[in-house]
Amino acid sequence: MHYLAIKGKQKLSGSVAISGAKNAALPLLALTLLSKRKLNITNIPEVADVKTLLQLLTNLGAVSTCKDNTVDIDAISVNSACANYDIVRKMRASILVLGPLLARFGHCEVSLPGGCAIGQRPIDLHLKALEKRGAVIEIKQGYVLAKAPKGLQGTTIIFDKVTVTGSENIIMAAALAHGTTTLVNVAKEPEVVQVCEVLASGGVSIEGIGSSKLIIKGSGGKLLDIQDFSVIPDRIEAGTYLCAGAITKSKITLKNVNPKHLEAVILKLEQMGFKIDETKDTLTIHPAEKILPSDIETSEYPGFPTDLQAQFMALCTQAKGTSIIDERLFENRFMHVSELSRMGSNIKLKGHSATVEGKAKLNAADVMATDLRASSALILAALVADGTTKIHRIYHLDRGYENLEGKFSKLGAHIERLEE
Ligand code: UD1
């Protein structure tokens with residue numbers, strides 16, 4: 001196993017190119033199951049989760065090649081509708097094949113994703129919405145067995161809660177359904193919007209793209225004439241590098257970003273004392289004279305993303321004063337707190353709220369990555385700690401950050417990947 005060794009207290013400078021969004025690439029690869037043509041997809045991030053989904057599609061019968069952030073994929077040859085446990089257990093987002101497989105084949109078997117470190121993360125909303133469209137669903141021996149012999153029917157679905165992958169699953173299924181599906185309380189994340197846009201490129205009529213109400217006219221089971229596309233930039237990777245510039249009080253520039261997707265994040269950084277310049281596709285963060293504390297509440301897009309909560313908590317340890325961070329989406333997304341405490345931060349937890357007292361003097365330590373975004377908070381803390389921090393179990397980081405050491409080294413960080 002590998003670990004990262006990071007020597008703290010180095011200033012960063014220069015620029016970093018942001019990769020394609022992992023959370024967009026995953027549903028978009030699942031969407032290829034609905035395409036009647038071979039697709040060329042660019043700006044694909046080369047991260048472990050993307051490789052897992054490509055493997056899952058290969059197991060189903062798809063043929064793909066992946067090189068230089070470009071995937072050529074032919075999913076017309078898919079002849080199996082069974083996503084087994086061995087692959088689904090590696091990544092919860094594998095559940096994204098459920099809607100497309102059921103819509104295309106009229107039946108499918110997809111392993112239940114199981115537990116997750118950041119909370120319970122059920123898929124009841126995905127299943128309820130498919131049942132409402134005429135699917136018969138059974139859970140047997142850890143598998144979702146779904147059937148819709150007459151195809152999925154158009155209807156109105158109101159999501160009880162906003163769910164990102166749930167919305168994507170049901171939107172993809174609606175694209176091939178019989179009749180019109182109206183979806184209410186749909187997630188508005190940019191990744192969901194891109195799924196709609198790519199489906200629309202294939203001839204699906206979708207009204208309300210980007211809003212919480214969508215009206216989708218299904219193709220009646222016919223595969224779609226999807227056009228080639230490029231994955232949107234990763235707003236969470238971008239937010240992480242903005243925090244890296246912020247915490248090290250460095251001026252750095254992010255290239256290949258969409259500043260519109262980061263409005264809530266930019267606003268928070270400005271409130272904390274940072275100046276940010278933006279162009280159509282770059283962001284430059286300038287050092288703050290004094291980092292101000294902040295109150296943060298995570299919520300659905302366009303609110304502050306839960307996937308940047310841990311990174312901002314690391315940043316708040318360096319603000320002078322008290323910051324309060326409320327995690328509203330996942331009940332157990334504070335595992336980075338104990339590791340940050342081992343480095344000298346002063347954070348108190350009560351329910352879904354964390355109180356961060358700053359400014360803390362951080363010291364290097366051996367720390368454990370616990371989930372993808374929690375791990376990036378440890379990198380940020382290590383960048384300003386005294387001494388060399390060792391971050392273990394970095395396979396979590398490899399799930400979602402492309403070329404992490406390469407990008408940080410180019411910015412001037414002293415970071416090395418070493419063998420345990
Ligand atoms: C996606 C993102 C993840 C991000 C999260 C919230 C991907 C691959 N992952 O995860 O990075 O942190 O959105 O922005 O895009 N819920 C239910 N029942 C369901 C589905 C969800 O109760 O059937 C609850 C969840 O437990 C959670 C909330 O709804 O409390 C939001 O979860 P959801 O938006 O579904 O997260 P994911 O799509 O799994």
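Listed values, structure above:
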item: Diffusion constant of the chain at 25 °C, which comes from Stokes-Einstein with the Kirkwood Cα-pair radius and 0.890 mPa s, µm²/s; result: 112
item: For Ile252, distant residues with modelled amide H under 5 Å away; result: Ile285
item: Interchain or long-range residues, amide H under 5 Å from Thr155's placed H; result: Thr181, Thr182
item: Helix axis angle, 235-247 relative to the chain longest principal axis, alpha carbon, degrees; result: 0
item: Relative contact order of the chain, pairs being alpha-carbon contacts under 8 Å that are 6 or more residues apart, as %; result: 21
item: Karplus-derived 3J(HN,Hα), 6.51/-1.76/1.60, for each residue of the stretch 271-283, Hz, glycine and proline x; result: 4, 7, x, 8, 9, 10, 9, 10, 10, 4, 9, 9, 9
item: Ordering of 92-104, 209-221, 36-48 by burial proxy (mean other Cβ atoms within 10 Å per residue, highest first); result: 92-104, 36-48, 209-221
item: Distance cut-off 23 Å, percentage of C-alpha pairs in the stretch 266-353 lying past it; result: 25
item: Local electrostatic count, Arg235, Cβ distance below 11 Å [Lys/Arg +1, Asp/Glu -1]; result: -4
item: Loop GluC sites (Glu not before Pro), the stretch 328-396, which have at most 12 other Cβ atoms in a 10 Å radius of their Cβ (DSSP); result: none
item: Net charge of Cβ neighbours under 15 Å - reference Ala148; Lys, Arg +1; Asp, Glu -1; result: +3
item: Neighbour cut-off at most 15 other Cβ (10 Å), DSSP loop, GluC sites (Glu not before Pro), the stretch 222-302; result: Glu289
item: Gap separating the Cα centres of the stretch 286-312 and the stretch 63-99, nearest whole Å; result: 33
item: Net lengthening on full extension, Ser15/Glu138 (0.36 nm per residue, minus Cα-Cα); result: 39.2 nm
item: Table column - 3J(HN,Hα) (Hz), the stretch 169-174, Karplus curve with 6.51, -1.76, 1.60, x for Gly and Pro; result: 4, 6, 5, 5, 5, 5
item: For Phe304, distant residues with modelled amide H under 5 Å away; result: Ser299
item: Total charge dipole magnitude, the chain, about the Cα centre, Cβ charges on Lys, Arg, Asp, Glu only, Debye to nearest 20; result: 180
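Throughout, read-outs are computed from the coordinates displayed, never taken from laboratory work. All values derive from a computational prediction rather than experimental measurement. Using ideal geometry, Cβ is built from the backbone for each residue, glycine included, and neighbour counts are taken over all protein chains shown.
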